[in-house]
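Remarks on the structure that follows.
Values quoted throughout were computed directly from the atomic coordinates according to the rules given, and no laboratory measurement underlies them. Since this is a predicted model, take the numbers as computed values, not measurements. Backbone-built Cβ (ideal geometry, glycine too); neighbour counts: all protein chains shown.
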Amino acid sequence: MTISEIKSHRRIVESRHLTALENCTPRAVEQFPKGLFTQDERLRGGIIVHVLVSLYMFLGFALLCDDYFVPSLEIICDNLHIQSDVAGATFMAAGSSAPELATAVIAVFIAKDDIGLGTVVGSAVYNVMFVISMCALLAGMVVYLNWWPLVRDCVFYLLSVAALALVILDGHIYWYEALGLVLFYLVYILIMYHNAKLEAWFVPKVTWCGQAAVRKKQPESIVLYDKLRDANSNGAVILNGNSVTESFTDEMTALTESDSDDPGEGHTVKMASYDKEPESVFAWPDACWKKALFIIAIPLKVVLFISIPDCRQPRWQRWFVVTFVMCLTWLTIFSYIMVWMITVIGYTADIPDTIMGLTFIAFGVSLPDVIASLIVVREGHGDMAVSNAVGSNVFDILICMGLPWLLQIIINNGEPVQVYSEGLLYSSFTLLATVFLLLLITHLNKWRLTKTYGVVLLIIYVFFTVLTSLYELNIFGYVHPHECASNY
């Protein structure tokens, strides 16, 4: 073989190697710092460290949401005089979606891959079906929903999904497309600003949905509640033989239903108040398992206590904005660490990145939505919980995708952003189906959160997650390039 033939053969090999590299997507794990263990060490048991850290971050989410995040949201509602469902769809959704925004920014600027998009699509199904199903299953009561907040948010969610599908249709994101997504979210905020006027116009014209049904079933309780709320903003009352011990500081957002056949019996209105000084975050619990959990959580409790004003305490109530901002910061930090650990676990188990983005990472970044929604729904704020779940998706699609794309295009002098996965286009259409099913099932269930309703949503969540994953695994045709090799 001559020297020219050897050089020609080498060029062919190098060309094939470059082609293989160009047709693969980088592994998501490459966007994170190197860990303490090699792949072999993780396979021999080191992976348990990543599992334990993930669980510890889950505990951090729970403490942060329960002690600081949700209380700051309720004080925001009280101080700004906004409805709880509007707060759920805006402040609560933006706060609990801060991890998704951080993940999307990391993906677009550092990893140069589409795990951010996969995470947003995965967390969208997760929020709509899984989060709401958990609220229904774990609320501990039947919670009535007003139809207006859910329909309002679902309409904007449908429009957001349609916009996302159009934007990623050609595999490239141009500056005007990214800007359009961001501007559309500003339209959503504008609608929220005028929500009371729009609701006053729409609701009287529709009588077949949840709010009308609730009012027909509980007219006396609502009238009595309204009168007592106006007469005494901080008094305990008796409604139909059941005491309401919490103080009245906000408007009623939900009713709970007992097993009684009498519509006027067994209904309790739960409201939140921080007029009395609440229990300290360092209060020693009674149950043995809670004591063990308390000891484990001491480092988290100390760090959060030092860095975040407890706006439940009267002396810190004016600091609720600082509390909210610091909660966003810690939510992002906890989420980054959790996504890091989950991504390493997925890489070690050889699970494709896009599948991880649609499932486990979506679970990790959506944990604030789950925990915050569960906390507020158990307080009776059903509309706030559901609006958070759906409103988070609107924020995820329009801001968590649109803003990072727009920033990257600006930095790259107008060069469009390439989206690797064509399968996500099909996934976007499956999201449209989840919204229609959510509205249909909610209406058939008479606009109530019940255990049966929760089970049905959970089944639908599993079905759509499997279907979307099959798309990403190229089962229905080649839609996703193979992943590049990694030495992480």
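Data for the structure
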read-out: Cα coordinate range in the stretch 35-77, projected on the principal axes (Å, largest first); value: 51, 13, 10
read-out: Ranking of S373, S133 by count of other Cβ atoms within 10 Å, fewest first; value: S133, S373
read-out: Chain lengthening between T452 and V203 when straightened (0.36 nm per residue, less Cα-Cα); value: 86.9 nm
read-out: Packing rank of 166-176, 464-474, where each peptide gets the mean count of other beta carbons within 10 Å, highest leading; value: 464-474, 166-176
read-out: Theoretical gain in end-to-end length, L166 to L55 [0.36 nm per residue, Cα-Cα removed]; value: 36.2 nm
read-out: Kirkwood Rh and Cα Rg combined as Rg over Rh, evaluated for the stretch 311-400; value: 1.06
